[in-house]
1. Any chance segment 353-368 includes a residue that's more than 21 Å from the chain's Cα centre (by Cα), aliphatic (A, V, I, L, M) and more than 16 Å from the ligand (Cβ to nearest atom)?
2. Among what's in segment 190-206 and is open to solvent by 10 Å² or more (accessible area, probe 1.4 Å) and more than 10 Å from ALA327 (Cα to Cα), pick the residue that is nearest to the ligand (Cβ to nearest atom).
3. Does GLU187 satisfy the criteria of being open to solvent by 40 Å² or more (accessible area, probe 1.4 Å), in the same structural domain as GLU216 (by TED's automatic domain parsing) and farther than 21 Å from PRO336 by Cβ?
4. Restricting segment 297-329 to residues that are within 16 Å of the ligand (Cβ to nearest atom) and among the hydroxyl-bearing types (Ser, Thr, Tyr), which is farthest from ASP356 (Cα to Cα)?
5. Take GLU56 and tell me if it is more than 16 Å from the ligand (Cβ to nearest atom) and either over 30 Å from HIS126 (Cβ atoms) or open to solvent by less than 10 Å² (accessible area, probe 1.4 Å) (or both).
6. Residues in segment 116-134 that are more than 16 Å from the ligand (Cβ to nearest atom), in contact with a strand residue (DSSP E or B) (Cβ under 7 Å, 6 or more places away or on another chain) and assigned to a loop (DSSP other than H, G, I, E, B): how many?
7. Please go through segment 344-360 and pick out each residue that is touching a residue at least 60 places away in the same chain (Cβ under 8 Å) and not β-branched (Val, Ile, Thr).
8. Could you check, for segment 179-193, whether at least one of its residues is part of a strand (DSSP E or B), touching a strand residue (DSSP E or B) at 6+ places or on another chain (Cβ under 6 Å) and within 11 Å of SER214 (Cα to Cα)?
Amino acid sequence: MSSKKIGFNTICTHLGEIKDEQFKGAVSPIYLSTSYAFEDVNIKRYPRYFNTPNQEALCKKIAALEKGESSLIFGSGMAAISTTLFAFLKKGDHVILQRAIYGGTANLVNEEFEKHGIEFSYVDTHSTESFQEKIQPNTRVIYIETPSNPLLSIVDINAVAILAKKHRITTMIDNTFASPVNQNPIELGIDIVLHSATKYLGGHSDILAGAVISTEKKIDQIFQVAKNFGGSLSDFTVWMLERSIKTLGLRVKRQNKNAMKLAKWLNKLDDITTVYYPGLKSHPDHKVAKKQMKGYGGMLSFELREGLDASKFQKELRLIKSSMSLAGVESTILSPTLTSHALLTAEERELQGIRDGLLRFSVGIEEKEDLMQDILQALEKIKITALQH
Ligand SMILES: *Cc1c(COP(=O)(O)O)cnc(C)c1O
């Protein structure tokens, strides 16, 4: 079945599936062999070569979801990200990254690149000009992540892609927060799309995986490094991920809807000072988001007014769980100050606009009324204790 002729949810449910010729089962059988007889000299199947039957089938589905020619799946999002960056950067090269990127990616760059003689620059504001200003003769890669964590700021994907093409620079995007449901960067001119499949692609908080999508040629360049780094995904998890993606479209559309309703509702509460959601007209990057996103996603952040304690608020929630991860069908919340951005100094956090009252909310598929009720009862409880002090 060609991906050009079928719609998103049909790709999710069917594309790439392995036919069970023997028993006519409804779903792809799982092949756990690490050893396969030679079909001919060119096909040497081995899990670390990213070419078991289940791996190949799932890669077709993921490539189609992102409208790319080809893809590879990895044992984690970071395995996909590190392998891909190292496939396009060598000693003496320079990479430009936006400042607000996933903490693990920042650690990879800050802790590993200097050892390998790779130069890097961060861009603090997200205007296209600020990327342009950092371009050097040895710049090989521009790396973006939009919407960003935790303030959901937006980079103009097409503008960055055009800038990079002019300078023959390869572009990469971490598309985890948007998911392929809401944003397809390849259509906007980006060369390489990365995902932590641990998040929306998996969607049930029970899988660690990563993916990269691009042209056949670029995927082959990444594969040459990937087979040496050895970050392939176990076929059990490949199968789990195939199953999870069947409901990707349904899950994320529901999460978009819930997040939009909650963002608008939170925006009206007196105890909340600011809501960060690209779907709100008040979001500083709303216009760019509207131009490049098909939906605004399930992630939002909000700030409690001064005097209300974010960690006490989290403890009083009954339905919404405190959790480091995100994008599951269940709603989760965290305080960036206490978790993802705890290693920064208070000044650095302030500079990035991350205040102590900020909470990052991964909106699930629950009934929105129940989520609202949970937030209201937690606010009431912490307001009583705030009065007592
Ligand atoms: C979680 C995450 C990653 C890293 O993925 P792992 O699967 O944990 O290795 C990368 N980017 C973003 C935006 C993430 O949320």
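1. Among the residues of segment 353-368, not one is more than 21 Å from the chain's Cα centre (by Cα), aliphatic (A, V, I, L, M) and more than 16 Å from the ligand (Cβ to nearest atom), which makes the answer no.
2. The selected residue is SER196.
3. Working: open to solvent by 40 Å² or more (accessible area, probe 1.4 Å): yes; in the same structural domain as GLU216 (by TED's automatic domain parsing): yes; farther than 21 Å from PRO336 by Cβ: yes.
When the stated conditions are applied, GLU187 passes them.
4. Among those that are within 16 Å of the ligand (Cβ to nearest atom) and among the hydroxyl-bearing types (Ser, Thr, Tyr), it is SER325.
5. For GLU56, the condition - more than 16 Å from the ligand (Cβ to nearest atom) and either over 30 Å from HIS126 (Cβ atoms) or open to solvent by less than 10 Å² (accessible area, probe 1.4 Å) (or both) - is met.
6. Of the residues in that region, 2 qualify.
7. Scanning segment 344-360 gives GLN352, GLY353, GLY357, LEU358, ARG360.
8. Taking segment 179-193 first, the residues part of a strand (DSSP E or B) are 192-193.
Narrowing further to those that are touching a strand residue (DSSP E or B) at 6+ places or on another chain (Cβ under 6 Å): 192-193.
The next check asks that each one be within 11 Å of SER214 (Cα to Cα); those that pass are 192-193.
Yes, because at least one residue in segment 179-193 is part of a strand (DSSP E or B), touching a strand residue (DSSP E or B) at 6+ places or on another chain (Cβ under 6 Å) and within 11 Å of SER214 (Cα to Cα).
The values are calculated or read from the model by the stated rules, or taken from the named source; none is laboratory data. Note that the structure is predicted; figures quoted are calculated from it, not measured. Positions of Cβ are generated from backbone atoms using ideal geometry, with glycine treated the same way; all protein chains shown enter the neighbour counts. With ligands, DNA and RNA removed, areas are computed over all heavy atoms of the protein, side chains included. Shrake-Rupley method; radii C 1.70, N 1.55, O 1.52, S 1.80 Å.
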